[in-house]
Every structure is written in structure tokens, then in C-alpha cells.
Amino acid sequence: MGVILLYESEEWSTYALRNRIREQGIPCQLACMEDGIPWEKLSDCDLAVSRVFASAPFRGHDRSLELMPELIAYLREKQIPMLNPYQSHFYEVSKELSTRVLNEHGLPVPKVYGTFHKREGSSPEEILNTLYAGIEYPCIVKPNCGGRTTHTYIIHNEKEMEAALSQIPNIEMIVEEYIEPVHGFLTRIEVIGGECRLIVKRSVTENGLSAYHLGSKYQDYPDCPQQIREAAISAMRILDIRFGSLDIIEGSSRFAIIDVNAVSNVSEDNTEMFRFDLMKETAQYIAQQYREIEDKKEMKQL
């Protein structure tokens, strides 16, 4: 009984979330997907919560991602609820899919030039010949399933494209329009239960990218424009992500949602820096959903 927290990486945040859920008076177990699908724990749980990141393969955790579709199919069949809901995992692991869906709903996203999969032995010239026509420079090339700016390149011309293609691993990549962050930062928004709970600026580093591990600085963003807040909430509603994060670029003439995460990460020093306990707030939302599930079970038994 209780909550099962599925994870693949030994992150501080995973253990913090488990502890915060338990503080809500709810039983919570951890299960590492690298050890295989925890069938026994799943059969005895009331709610599954995924902490399997799209960046798992970059830590050698391919197995976790490979097993997720089978695990989700089992949860659907047994009608065991999952947070975020089942489909959100597939948005987590495909930037092309999440961007396409948001675009279909009229939300601001970068233009996608296409995806490609570098094969063993493929030369940069061969890959360039398979890329979609109409690519405009600058553009950005990054893993379709990934995160933390790993194997991410801002490309200004064909020569830089050839250089990047010679370095990337044999994985699926997505090529998108590059939108320059004219204000020198990206906007990170944490949305929980349909509300923007944390909005910060994350500075752009010398290589044009923005990430904590690259040395980006964070700053509160209390005057974030209302239209950006509304777009963030709409994006999460469309993708049915109950708690997660978005990265948004404010360009010279428009803003665009460049990344959506159904699994948010945070470190202990981030919690102190932001004066906001993301794992505690997430745990409170999970606890609320868990209690609603239990209440519905009790009603059925009456």
C-alpha cells in the first residue's frame, strides 16, 4: 500500500521527495528501475510516481527508459494511477513530441527543422544529406531525449554543423530554430497543480547555453510577464503534467517554450538558494492526490 517512487539516478531530490511524502503520513517506497520492473511493489501500491529522467542514458541508465513503456502498460491495465500521468513520460523523453503538441495548440515554441539519428560509421556529409531542407542558421542541435545541455550545440553555419555532427554519439537528435536570449537569461518555471510556484532567471554562460552545472547564476524573477506565466500553465495543462518545469527564452520579438520536463530536479543548495523547498511542495501535491484516490476507494466500498 502507499506510494512507490520509481527512480534511476541517485539524486538528492529523489530521497528528499520520499522523505517529504513520508512526512505527510503516507507510506512511500523507492524502487530503482535499473534493477528491473518492481512487480511485487507495483502490485501492492496505490500510486506510482516517476523520477526517471530523459537524461538517464547519459548516466548509463538506458535500462530504466527501456522498461518504462512496459511498466506504464501494466499500470494502465491494473488501473494504478501514476504521477505524472502515463502520457507525460513520453513527453519527457521526446522533445519533438512535446514541441509538436504544444505547437498544434498554438503555444509559442521554436520551429523544428527535424530529427535525425546518427548511425555507426556515418560521416557528417552523409548526415547533412539526410537533414530536412530549409534549415536556417543559427540553429540548435540537441538530443531528442536528453537534458542538462549534454551534447547540445548552437550552430551558426554549415562548418560548425559538420564539426558538431562528428562529435555527437549515436542517438536521435533534434534540430530547432535558435532563439537568442537577448536579456542574457532563460526563464525556469516550476508548475505544481496548475500554478506557477517558482520562477527564476538562469543566466546564459559564455558558450551560449544555460545550465546549473555550467555555472549559470540564478535570480528570482518576480516580474515575469503574465503572458509567460499563462503560457507555462497552459503548456502543462495540455501535456497533462501535474508538476514539472519549463524553460522559456525571451527573444527580441517573442518568447518560446524550449523545454518541458515531467520530472523536475533540484539540489540541496538550490533549495537554500531559492528559499523554496520544491520537493516539499511536490510531496504535498502528491499527498493530496493520494488522499483523493483513497477517498474514492472508500466510497466504492460503501
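General observations
- With all protein chains modelled, accessible area of HIS105 [1.4 Å, Å²]: 110 Å²
- Accessible surface of the stretch 148-302 [probe 1.4 Å, protein heavy atoms]: carbon and sulfur percent: 46 percent
- Charge dipole (debye, nearest 20) of the stretch 145-200; +1 at Cβ of Lys and Arg, -1 at Cβ of Asp and Glu: 280 debye
- Selection from ALA48, SER64, VAL109 lying farthest towards where the dipole of the stretch 1-117 points positive, charges on Cβ: VAL109
- For the stretch 1-112, projected area of the alpha-carbon convex hull averaged over all directions, nm²: 8.1 nm²
- In the frame of its principal axes, the stretch 143-266 has Cα extents of 43, 28, 27 Å, reported largest first.
- Over the chain, DSSP H runs of length four or greater, each weighted -39,500 (n - 2.57), average out per residue to a 222 nm ellipticity of -11000 deg cm²/dmol.
- Which listed pairs, of LYS118/LYS201; LYS78/LYS297; LYS95/LYS201; LYS78/LYS280; LYS78/LYS296; LYS118/LYS217, have C-alpha distances above 24 Å, in listed order: LYS118/LYS201; LYS78/LYS280; LYS118/LYS217
- Cβ charges +1 (Lys, Arg) and -1 (Asp, Glu), total dipole of the chain, debye: 600 debye
- Projected label points at ASN170 and GLU230, each 7 Å from Cα along the beta carbon direction, are separated by 4.9 nanometres.
- The stretch 83-159-the stretch 34-70 distance, computed between alpha-carbon centres (Å): 24 Å
- In Hz, Karplus ³J(HN,Hα) per residue of the stretch 261-267 (6.51, -1.76, 1.60; θ = phi - 60°; x = Gly, Pro): 10, 8, 10, 9, 10, 7, 9
- Using distinct alpha-carbon pairs, which all enter the 1/r mean, Kirkwood radius of the stretch 226-302 in Å: 15.0 Å
- Only one of (1) 34, 23, 17; (2) 39, 24, 16; (3) 28, 22, 21 was calculated from the structure for semi-axes √(5λ) of the Cα gyration tensor in Å, and its label is (1).
- By accessible area, using a 1.4 Å probe on protein heavy atoms only, the stretch 1-75 has 46% of its surface on carbon and sulfur.
- Candidates per trypsin sites (Lys or Arg not before Pro) in the stretch 107-194, loop by DSSP, up to 11 other Cβ within 10 Å: ARG119
- Dipole-positive endmost among MET173, ALA283, SER253 within the chain (Cβ charges, Cα centre): ALA283
- Heavy-atom accessible area with a 1.4 Å probe sorts TYR7, TYR86, largest first, into TYR86, TYR7.
- Normalised by the number of residues in the stretch 88-231, the average gap of Cα pairs under 8 Å and 6 or more apart makes the relative contact order 21 percent.
- You can think of it this way: the chain between LYS217 and THR130 has 27.5 nm of extra reach, that is 0.36 nm per residue less the Cα-Cα gap.
- Other-chain or far-sequence residues with amide H under 5 Å of LEU30's (modelled H): LEU5
- Interatomic Cα distance distribution for the stretch 8-72, bins of 10 angstrom, percent: 19, 52, 27, 2
- In order along the stretch 23-31, phi translates into HN-Hα couplings of 5, 7, x, 10, x, 9, 10, 9, 9 Hz, rounded to whole numbers, per the Karplus curve 6.51 cos²θ - 1.76 cosθ + 1.60 with θ = phi - 60° and x for Gly and Pro.
- In percent, rounded to a whole number, the relative contact order of the chain is 20, using alpha-carbon pairs under 8 Å and six or more apart.
- If the segment from LYS300 to ARG22 were pulled out straight at 0.36 nm per residue, it would be longer than the present Cα-Cα gap by 97.5 nm.
- For the stretch 42-96, the dipole from Cβ point charges (+1 on Lys and Arg, -1 on Asp and Glu) about the Cα centre works out to 140 debye, to the nearest 20.
The values are calculated or read from the model by the stated rules, or taken from the named source; none is laboratory data. Note that the structure is predicted; figures quoted are calculated from it, not measured. As a convention, Cβ positions derive from the backbone with ideal geometry for all residues, glycine included, and neighbour counts pool all protein chains shown. Side chains are part of the model used for accessible areas, which takes the heavy atoms of the whole protein and leaves out ligands, DNA and RNA. Shrake-Rupley method; radii C 1.70, N 1.55, O 1.52, S 1.80 Å.
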